[in-house]
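K.L.:
The structure that follows is given in the form of structure tokens.
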Amino acid sequence: MIGRKYSSVVAIAGMVAGSVVAVGATPAAASSRPNLSGITIGSVVYSMDTVPFLAKLAQAEQQEAAKLGVTLKVVNGGGDATTQVSEMEQYIAEKVSLILLTNSNPTALVPAVKEANAAGIPVIPVNTPITSGMGAQVVTYVGDNDYTYGLDEGQMMVDALHGKGNVAMMLGELGTTPEVQRTAGIKKTFSENPGIHVVTTVIDEWQDALCLSVTQDLLTKYAAGSLQGIIAEGPEIYVGANYAWSIGRKNIIFIAGDYPTEVRNAIMSGRIYGAADQSPVLEGVEGVQAAVNWLTGHKNLVQQPDMYIPLPNVTKANVGQYPAQWTF
């Protein structure tokens with residue numbers, strides 16, 4: 001069991017943190033809210049040390065909690081569901097006001113959510129939903145709609161290829177909610193555009209080294225002119241796109257999932273055509289805002305069953321409007 005360590009504890013009233021902008025249900029005006037000093041929110045983020053996106057999400061939670069004047073405890077789940085269950089149980093023992101849960105396994109965390117339900121502690125999944133239909137009750141889900149994410153990625157590829165071409169699909173970690181839903185969305189878009197032919201499907205597990213390896217294999221297997229596009233479900237494809245350019249394969253269209261600095265730079269240089277921009281800042285901010293609204297009697301401001309964040313498509317045409325919010 002990984003030792004339980006707080007990465008940060010925020011208990012600041014009236015402090016203004018770094019500026020962040022969110023859409024959706026903002027907290028009720030301060031004049032209409034009771035004193036928030038008695039609110040303690042516990043957050044479990046499954047891997048802040050190895051996933052930069054989640055580190056940024058946790059930072060956004062911390063900043064918003066400081067801004068609103070509530071106590072926020074954030075723990076690093078270590079990427080391990082057993083650890084996350086233990087951390088949830090610790091928060092339950094501490095009788096926190098509400099738990100924000102960014103989990104690595106939406107089914108394995110169901111029993112812990114049920115424990116929180118039994119203790120009367122509300123739970124809001126952030127970034128990754130909890131498996132439905134198993135009896136766990138949550139206030140709402142804050143994050144992206146991964147099926148829509150896949151639809152949008154697929155449409156960018158269709159647009160870039162003018163509806164015709166051979167494409168390789170590069171999947172993330174098999175069986176995870178984002179992989180399953182994004183894959184379904186991409187396939188749905190391609191099914192409606194018969195000029196797009198998926199010639200092979202590979203897996204990079206959202207790992208840079210594996211992404212490079214499978215890209216190298218693809219470009220060896222498919223000679224110039226026989227493969228027009230590679231669509232990935234994560235941002236690691238910037239590594240593959242850079243490799244393709246380094247060997248002169250500049251005519252392949254690359255579509256990325258997520259939008260760190262590395263992907264933004266690749267879009268600006270033309271190595272990547274476009275990416276779906278999922279904001280870790282919006283997810284973190286809106287999670288805290290939803291928690292505060294729920295706990296202070298403004299439940300009408302909390303959209304149910306889901307609070308989906310926008311997923312703008314970023315291409316060279318509009319990249320100047322979207323600064324990257326995180327980096328590898």
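K.L.:
Using the structure shown, decide if residue 206 is farther than 17 Å from residue 314 by Cβ, within 26 Å of the chain's Cα centre (by Cα) and either outside the structural domain of residue 299 (by TED's automatic domain parsing) or surrounded by fewer than 16 Cβ atoms within 10 Å (Cβ to Cβ) (or both).
P.N.:
Values: farther than 17 Å from residue 314 by Cβ: yes; within 26 Å of the chain's Cα centre (by Cα): yes; either outside the structural domain of residue 299 (by TED's automatic domain parsing) or surrounded by fewer than 16 Cβ atoms within 10 Å (Cβ to Cβ) (or both): yes.
So residue 206 fits the description; yes.
K.L.:
Please work out if residue 231 is touching a Cys at 6+ places or on another chain (Cβ under 8 Å) and at pLDDT 95 or above. If you could, list the steps in order and put the result at the bottom.
P.N.:
Working: touching a Cys at 6+ places or on another chain (Cβ under 8 Å): no; at pLDDT 95 or above: yes.
So residue 231 fails the test.
K.L.:
Continuing with this model, one more query. Taking the stated definitions as given, is residue 200 surrounded by fewer than 17 Cβ atoms within 10 Å (Cβ to Cβ), in contact (Cβ under 8 Å) with a residue 12 or more places away in the chain, within 22 Å of residue 322 (Cβ to Cβ) and among the polar types (S, T, N, Q)? Before the answer, list the steps.
P.N.:
Working: surrounded by fewer than 17 Cβ atoms within 10 Å (Cβ to Cβ): yes; in contact (Cβ under 8 Å) with a residue 12 or more places away in the chain: yes; within 22 Å of residue 322 (Cβ to Cβ): no; among the polar types (S, T, N, Q): yes.
For residue 200, the condition - surrounded by fewer than 17 Cβ atoms within 10 Å (Cβ to Cβ), in contact (Cβ under 8 Å) with a residue 12 or more places away in the chain, within 22 Å of residue 322 (Cβ to Cβ) and among the polar types (S, T, N, Q) - is not met.
K.L.:
Can I ask one more? Contact list please: Cβ distance under 6 Å, first residue in region 35-55 and within 22 Å of residue 324 (Cβ to Cβ), second residue of a type in the set (Phe, Trp, Tyr), pairs at least six apart or on different chains.
P.N.:
Listed pairs, sorted by first residue: 52/326; 52/328; 53/326.
K.L.:
Let me ask something else. Residues being surrounded by fewer than 24 Cβ atoms within 10 Å (Cβ to Cβ), in contact (Cβ under 8 Å) with a residue 40 or more places away in the chain and assigned to a helix (DSSP H, G or I): count how many of those fall in region 69-126.
P.N.:
Going through region 69-126 one residue at a time, the tally reaches 5.
K.L.:
Hey, residue 92 hits all of (1) touching a helix residue (DSSP H, G or I) at 6+ places or on another chain (Cβ under 6 Å); (2) at pLDDT below 95 but one; which does it fall short on?
P.N.:
Condition (2) is where residue 92 drops out.
K.L.:
Within region 143-165, can one find any residue that is modelled with pLDDT of 95 or more, closer than 18 Å to residue 290 by Cβ, within 21 Å of the chain's Cα centre (by Cα) and not in a loop (DSSP other than H, G, I, E, B)?
P.N.:
yes
A quick yes/no check of all residues on (1) closer than 22 Å to residue 68 by Cα; (2) in the same structural domain as residue 45 (by TED's automatic domain parsing):
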{"site": "285", "(1), (2)": "yes, yes"}
{"site": "289", "(1), (2)": "yes, yes"}
{"site": "299", "(1), (2)": "yes, yes"}
{"site": "306", "(1), (2)": "no, yes"}
{"site": "317", "(1), (2)": "no, no"}
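The values are calculated or read from the model by the stated rules, or taken from the named source; none is laboratory data. Quick caveat, the model's predicted, so the values are computed rather than measured. With ideal geometry, Cβ positions are generated from the backbone for all residues, glycine too; neighbour counts draw on all protein chains shown.
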